[in-house]
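Colleague: First, the structure itself, so that you have it in front of you.
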Amino acid sequence: QETQPELSVSGQVSMRHLKLQANQNQSDLPLLKVGGVDLTIDTLKPLDGVLKLPQIRVTDVSWGSKEKPEASWTELRLEQLEVAVAKQWVRVGRVGLTGPQVNVTRDAQGRWMFEDWLSRAPSMPSSGAASHPWQLDMGPLQITEGVGSLDDQFVPGGAKLETRDFKASMGAWQLGAASPQMISVKVDFTVGAQTQRRSAGQFVFDGAVH
């Protein structure tokens, strides 16, 4: 009787100061910078396509122009991540995002900042026929210390808006679920123009999503 080979890996991985740009010959394309990636591998079985990670931390990330990134965050934390390739299944026990910041701009011609990126980004080859979709089970999501800004030069006179103290929480959900899901979402924020008094706001949703 033949014995099937088995390979199992566990341990810790850390990476620091990563940079990625889609095309080095086009410096105006968005640049992705990552301060650090730390992950603990509980179980990795390459031959079986099984991966279990108690925690992944991705810190000090920025995306966009070198002068003023359009998006950034201080820490993204994924807990109890499990992947089963044969079953096409991914589960994340909990997601935490700290210090996200988004800067949205639109020029006087009505073009959003990401339109130039999309037109210059390299095209991806077609994958052919659609394969069986993966199942994604997401645990609770918690967002804290969020900041956002909007600079719209397309509207007459221009408009600038800031959002601070952004906090959000969302219950567990499943991507591509066949039946309706009960989801709870709560968002707290402070919003206002740069030169005016800011006002507090809140959004709450608790119901079924198809």
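The values are calculated or read from the model by the stated rules, or taken from the named source; none is laboratory data. Quantities reported herein were computed from a predicted structural model and do not represent experimental measurements. Methodologically, a virtual Cβ is constructed for each residue, glycine included, from the backbone with ideal geometry; neighbour enumeration extends over all protein chains shown. Heads up: the accessible areas ignore ligands, DNA and RNA and are worked out on the full protein's heavy atoms, side chains in. Shrake-Rupley method; radii C 1.70, N 1.55, O 1.52, S 1.80 Å.
Colleague: Given H placed on each backbone N at 1.01 Å, which residues far from Ala172 in sequence or on other chains put an amide H within less than 5 Å of it?
Modeller: none
Colleague: Sticking with this one: Check cross-link reach from Lys186 to the lysines: straight Cα distance under 24 Å, and skip same-chain residues fewer than eight apart.
Modeller: Output for Lys186: Lys167.
Colleague: Under 12 Å Cα to Cα from Lys52, which aspartates and glutamates show up? Leave out anything in the same chain fewer than 8 places away.
Modeller: Leaving aside aspartates and glutamates fewer than 8 places away in the same chain, those within reach of Lys52 are Asp42, Glu79, Glu82.
Colleague: Grab the Cα-Cα distance for Val187 and Gln80, subtract it from 0.36 nm times how many residues apart they are, and report the gain in nm with one decimal. Could the numbers behind the result be given before it?
Modeller: Numbers: separation 107, 0.36 × 107 = 38.52 nm, distance 2.45 nm.
Extending this stretch completely gives an extra 36.1 nm.
Colleague: Kindly state, to the nearest 0.05, the FRET efficiency for Ser169 paired with Leu136, given R0 = 25 Å and r defined as their beta-carbon distance. Write out the running numbers ahead of the final one.
Modeller: On the way: r = 19 Å, r/R0 = 0.76.
E between Ser169 and Leu136, to the nearest 0.05, is 0.85.
Colleague: Continuing with the same structure: What list of ³J(HN,Hα) couplings, whole Hz, do you get for the range 69-78 from phi and the Karplus terms 6.51, -1.76, 1.60, once you set θ to phi - 60° and write x for glycine and proline?
Modeller: Working through the residues one at a time gives x, 7, 8, 7, 8, 7, 8, 10, 10, 10 Hz.
Colleague: Probe of 1.4 angstrom, ligands and nucleic acids ignored: what's the accessible area per residue over the range 67-116, in square angstrom? Walk me through the numbers on the way to the answer.
Modeller: Numbers: 2840 Å² over 50 residues.
In whole numbers, the range 67-116 has 57 Å² accessible per residue.
Colleague: May I ask you to derive the FRET efficiency for Asp38 and Leu161 from their Cβ-Cβ distance with R0 = 41 Å, giving the value to the nearest 0.05? Let's see the in-between values first.
Modeller: Values: r = 35 Å, r/R0 = 0.85.
Taking R0 as 41 Å, the efficiency between Asp38 and Leu161 is 0.70.
Colleague: List the lysines whose alpha-carbon lies under 18 Å from that of Lys66, not counting same-chain residues fewer than 8 positions away?
Modeller: Within reach: Lys19, Lys33.
Colleague: Checking the a/c ratio against 1.5 first, then a/b against b/c, what shape does the Cα gyration tensor give for the range 58-106?
Modeller: Values: a/c = 3.35, a/b = 2.29, b/c = 1.46.
Because a/c hits 1.5 or more and a/b exceeds b/c, the range 58-106 counts as prolate.
Colleague: Under 5 Å between amide H atoms, partner at least 5 residues away or on a different chain: which partners does Glu70 have, H built in plane at 1.01 Å?
Modeller: The answer is Trp63, Gly64, Ser65.
Colleague: Need one number: nm distance between label points at Arg94 and Lys66, each 7 Å from Cα along Cα→Cβ, rounded to one decimal.
Modeller: 4.0
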